[in-house]
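Reviewing the structure listed below.
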Amino acid sequence: MKTHALVFPGQGSQRVGMLDTLPEHEDLSRLLDAAEGLSGLPLRSIAATGPVENLSDTRAAQPLLYLADLVWGRSLLDCGVQPAFVAGHSLGEYAALAIAGVFSAEAGLELVIERSALMAATAASTPGTMAAVLGLKRSVVAELVGDLSSVWLANDNSETQVVLSGTHAGIEAATVALTAAGARRVVPLTVAGPFHSPLMAPAGDRFAGILAETHFSDATIPVLQNTDPTPTSAEKLIKSRLIGQITSPVRWTETMLGLRDAGVEVVVEAGTGSVLTGLARKIEGIDAIAVEDRGIERVLEVLEV
């Protein structure tokens, strides 16, 4: 079997019909019932028919993505996949931690719904947005953004794809500066707020209290986390790293490099879409495959399970 890692996508990967492609799994209906009860939203209907605006609502997107990630991950494990590591991009980190046994699927769902509600409330009271910068090296973007106010690096997705977060004025100023510096494109993202920035501190502070009261266990599979992408299985360290996630950047390039340097040959994206697969393929020396695109049987062939 090739050495591999499971990675789980986060917000932005949602789409209408996202539950239709999921493999049958005994936990899905029960967890969807729980998610609808906890969120107060008709998540099945939103996932099936949208509209896109409702599906993009943080309060709907996050629990739906968590459940899709979880079902794909558990289905792969049930088929004999034995990852050396797990990691998740932003919201996807919660599915990674559930798969690694840090908390139960149900506890993870409760955390995700609390997180989504707090983030939505903060975004409503603290207007802001995000934008993807294409075609400039991260170091150049960081230097230019460092001279601006009210804008921060939110996601370090690859060497030439960085996502910014900030106020509308901050993102506008950054767009002008980065375009003048040679960015191929600065693409506004359809998001509800300035995620992974200090502007989300009200949500981060309240959620930290919730995490502090949640029972964590040591991970059965080492986890690389957004705030510190070095592998760990220690529950106390996992919790402390997770506490700062809402306001901190997603260090995804470092995560991919860390997996490669740890001997991972194949990254398997377990969730909706193939965004993380595309990012992983930009890293020399590592292969990637998205289970939703290629199917479980093909993943097993690639991994030589």
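Values quoted throughout were computed directly from the atomic coordinates according to the rules given, and no laboratory measurement underlies them. Quick caveat, the model's predicted, so the values are computed rather than measured. Here the Cβ positions follow ideal geometry from the backbone for every residue, glycine too, while neighbour counts run over all protein chains shown.
Under 12 Å from the Cβ of residue 277, count the other residues' Cβ atoms, weight Lys and Arg +1, Asp and Glu -1, and hand me the total.
-1
As an exercise, identify the chymotrypsin sites (Phe, Trp or Tyr not before Pro) in region 154-237 lying in DSSP coil whose Cβ has no more than 13 other Cβ atoms within 10 Å. Write out the running numbers ahead of the final one.
Details: sites: 195, 207, 216; in loops: 195, 216.
Passing both the DSSP loop test and the Cβ count: no residue.
On a full-extension model of 0.36 nm per residue, what is the gain between residue 294 and residue 2, subtracting their alpha-carbon distance, rounded to one decimal in nm? Please report the intermediate quantities before stating the final value.
Working: separation 292, 0.36 × 292 = 105.12 nm, distance 1.73 nm.
Result for the pair: 103.4 nm of gain on full extension.
Between 179, 232, 122, where does the largest GNM mean-square fluctuation fall for the chain, given springs only between Cα atoms within less than 10 Å?
179
What's the extension gain from residue 169 to residue 236 if we count 0.36 nm per residue and subtract their Cα-Cα distance?
My answer for the length gained is 20.3 nm.
Hey, what did the chain get for relative contact order, percent, Cα under 8 Å, at least 6 apart?
Numbers: 645 pairs, mean separation 71.2, N = 305.
23 percent.
Ordered by residue, what ³J(HN,Hα) values in Hz, to whole numbers, does region 210-220 give under the Karplus form 6.51 cos²θ - 1.76 cosθ + 1.60, where θ = phi - 60° and Gly and Pro are x?
5, 4, 4, 8, 9, 6, 10, 10, 4, 6, 7
Can you tell me what the convex hull of the Cα atoms of region 74-230 projects to on average, as an area in nm²?
Working: hull surface 41.1 nm².
Here the figure is 10.3 nm², rounded to one decimal.
So how far, in whole Å, is the C-alpha centre of region 8-65 from the one of region 217-260?
After rounding, the separation between the Cα centres reads 25 Å.
Could you give the nm distance between label points at residue 25 and residue 121, where each point is 7 Å from its Cα heading toward the beta carbon?
2.9
Determine, for each peptide in 184-190, 152-158, the mean count of other beta carbons within 10 angstrom over its residues, then list the peptides with the highest first. Spell out each step's value before the answer.
Values: 184-190: 14.3, 152-158: 22.3.
Going from most to least packed, we get 152-158, 184-190.
With a point put 7 Å past each Cα toward its Cβ, work out how far residue 206 is from residue 52 in nm, to one decimal.
Label at residue 206, label at residue 52, 2.9 nm between them.
For the chain, set up a Gaussian network in which alpha carbons nearer than 10 Å are linked by springs, and say which option among 139, 116, 104 fluctuates the most.
In this elastic network of the chain, the residue with the biggest mean-square fluctuation among 139, 116, 104 is 139.
For residue 282 and residue 16 in one chain, what is 0.36 nm times their gap in residues minus the Cα-Cα distance, to one decimal in nm? Before the final figure, lay out each step's value.
Details: separation 266, 0.36 × 266 = 95.76 nm, distance 2.76 nm.
Extending this stretch completely gives an extra 93.0 nm.
Could you work out [θ]222 nm for the chain from helices alone, using -39500 (n - 2.57) per DSSP H run of at least four and dividing by all its residues? Round to the nearest 500 deg cm²/dmol. List each step's numbers first, then the result.
Values: 14 runs with 145 residues, N = 305.
Mean residue ellipticity, 222 nm, calculated: -14000 deg cm²/dmol.
What does the highest-first list of 163-169, 69-75 look like by mean Cβ count within 10 Å?
Working: 163-169: 21.3, 69-75: 25.1.
Per-residue Cβ counts within 10 Å, averaged per peptide and sorted highest first, yield 69-75, 163-169.
If you average the sequence gap of Cα pairs under 8 Å that are 6 or more apart and divide by the length of region 249-305, what percent do you get for the contact order? It would help to have the intermediate numbers written out before the result.
Numbers: 58 pairs, mean separation 17.9, N = 57.
With pairs under 8 Å counted, the relative contact order is 31 percent.
Limiting things to C-alpha atoms, what are the Rg and the maximum Cα-Cα separation (Dmax) for region 158-255, in angstroms?
16.4, 49
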